[in-house]
Amino acid sequence: SFYYGTFPAGFLWGVGSSAYQTEGAWDKDGKGPSIWDAFTHRKGKVFRNETGDSACDGYYRVKDDIQLLKELKVNHYLLSISWPRIMPTGIKAEQLNEKGIQFYNDTINSLLENNITPIVSLYHWDLPQVLQEKYGGWQNISMINYFNDYANLCFEKFGDRVKHWITFSNPWAVAENGYETGEHAPGLKLGGCGAYKAAHHIIKTHAKVWHSYNNTWRREQQGMVGISLTSGWGEPVDPHSQTDRDAAERYIQFHLGWFANPIYRGDYPEVMKNYVGRKSAQQGLGTSRLPTFSVQEKTYIKGTSDFLGIGHFTTRYVLQKNFPFLQVSGYHTDRDLAELVDPNWPAPGPKWLYSVPWGFRRLLNFIKTQYGNPLIYVTENGVSEAAQCTELCDEGRIQYLKGYINEILKALNDGVNVKGYTAWSLLDKFEWNKGFSEKFGLYHIDFKNKNKPRYPKASADYYKKIISANGFPNPREVENWYRKAMDSCSSTHHLLAADSLITHMEMVTEIVLPTVFTLCILICIVLLIFYLRNHT
């Protein structure tokens, strides 16, 4: 049932985005190529072969987008720094890009001038392409030192003003989609070891960066360093079945626990070690495909997070499913489970993202129990539309945000230590291998217009009301928000339609007039030739 009430005083409200998805300017002002530049420039890797070359033109629209943040009245903005924009080859000793450093300095300063706290992720998937080509990216242990150099540069240049740092955003997707399924950059399909090896190096890198901050920068800068882990919730199909309950537990441990367990408890989850170890032995391998941490590494990694960032989008029902012995096992078959959905769950957008708010409260309580009730910031939560037509009256997103934010309120009452919420995302943007076909934004962008104007959706107005009220005061007021939000999107629709007509007319003017003019000249020339011939 819906719970009416407000969040504690000082609860932080924000929105987020990432560099590659929004900035564009992929090769401008000294920026080096990233693995996503290389990946999207290969045909067949992304829906409709779309790229983030210009994305939302965020590189040129910082002031405009900060104006949107002011409209929403958010406390914070979660952004990521593009590693190759400030360090083109990824190697500090080789080259620094002062224009890239200046861009982030200006962005951070503009946010603070408008009383918006920057929460900065050091890595949202855009590894410098040079490091991929030279070393194999996250398959190579040398990434630990290269990333640590990059992180220290960021602490040096921006740490006097940035007090919330995220080392990695959703490393699960980096490892699994980048090095096993190949759906994401760098697009490698490395069988049963690739994802585990990448994750192992990422966890060790995270720990090194945390220690660097702790030893060198913390006393002076007084900031915090955490990691942002994205995970669904797994609910047993039959809660009375021990095998289904165990399968649901494995779903979470192989997803969230893969990264959280080493950081909070010093090692990979026992169930993960057991299952991958057993499957590896069945394959005749001498050692497990899941790497191991030494005793010293376990001690070094444990406790390296001042807060836990949590990204969460949806839930699955989970049941036991034995995969027969396979010569080539991988992450998905190692888990021995199957995922199901309830066809009655709402799916406002793509079919992977069902709206199941109650799963969020359960996930937050799981974190509280498993990891000693850490300080949590929700770093990503939102839903996309897959509609081809512009959907400014996004009722599905309003219901999604209302439901999921309400479950956080319930979790707070359960004693979960959540301090902030970040809606994902500020803008419609480039959605990785899905291109621009999925739209997560509170603001619509008309990508057909060369100026890429931003238009608020109904959900922007609704979220603004939640922020102003710091929660859900009473049924009457909350219902009134919905009506006003739907009214506001109708007038925005008229504005968008008018702007689209003007854009269309400008395109016609730009294309048709020069064409007509050229044809007129050609006809005049032909007539002149005929005239001259007749007179000679």
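The values are calculated or read from the model by the stated rules, or taken from the named source; none is laboratory data. Predicted model, so just to flag it, every value in this text is computed and none were measured. In this analysis, Cβ positions are derived from the backbone assuming ideal geometry, glycine residues included, and neighbour counts consider all displayed protein chains. Just the protein is used for accessible areas: all its heavy atoms, side chains included, with ligands, DNA and RNA removed. Shrake-Rupley method; radii C 1.70, N 1.55, O 1.52, S 1.80 Å.
Some notes on this structure:
- Using the rule -39500 (n - 2.57) for each DSSP H run of four or more residues, divided by the residues of the chain, the 222 nm mean residue ellipticity is -14500 deg cm²/dmol.
- Packing order of peptides 305-312, 66-73, highest average first: 305-312, 66-73 (average count of other Cβ atoms within 10 Å over each peptide's residues).
- The chain - percent of accessible surface contributed by carbon and sulfur, probe 1.4 Å: 56
- Taking amide H atoms as placed 1.01 Å from N in the peptide plane, the amide H of Glu339 has no partner under 5 Å among residues 5 or more positions away or on other chains.
- Label positions at Arg476 and Asp149, each projected 7 Å from the Cα along the C-beta direction, are separated by 6.5 nm.
- Per residue, in Å², the accessible surface of the chain once ligands and nucleic acids are set aside, probe 1.4 Å: 41
- Backbone N within region 36-68 under 13 Å of label point (7 Å from Lys99 Cα along the Cβ vector): 60
- Solvent-accessible surface (1.4 angstrom probe) belonging to Leu532, in square angstrom, nearest 10: 100
- Computed E for Leu532/Arg42 - FRET, C-beta separation, R0 51 angstrom, nearest 0.05: 0.40
- When only the Cβ of Lys, Arg, Asp and Glu is charged (+1, +1, -1, -1), the dipole of the chain relative to its Cα centre reaches about 620 debye.
- Available extension along the chain between Asn417 and Phe517 is 29.2 nm, counting 0.36 nm per residue and deducting the alpha carbon span.
- Among Leu364, Ala281, Ala207 the positive-end extreme of the charge dipole of the chain (Cβ point charges): Ala281
- Neighbours of Trp258, meaning other residues whose beta-carbon lies under 14 angstrom from its beta-carbon, give a summed charge of +1 when Lys and Arg score +1 and Asp and Glu score -1.
- Anchor Lys402: aspartates and glutamates whose Cα lies under 12 Å away (excluding residues fewer than 8 positions away in-chain): Glu479
- Between Lys448 and Ser468, full extension at 0.36 nm per residue minus the direct alpha carbon distance yields a gain of 3.9 nm.
- Long-range HN-HN contacts of Met224 with modeled amide H, under 5 Å: His164, Trp165
- One Cα centroid belongs to region 287-314, the other to region 126-171; the line between them spans 17 Å.
- With all protein chains modelled, accessible area of Arg278 [1.4 Å, Å²]: 110
- Taking the Cα centre of region 87-156 as origin and assigning +1 to Lys and Arg Cβ atoms and -1 to Asp and Glu Cβ atoms, the resulting dipole is close to 160 debye.
- Interchain or long-range residues, amide H under 5 Å from Tyr77's placed H: Thr117, Ile119
- Flagged links, alpha-carbon separation over 19 Å, of Lys43/Lys434; Lys197/Lys368; Lys351/Lys439: Lys197/Lys368
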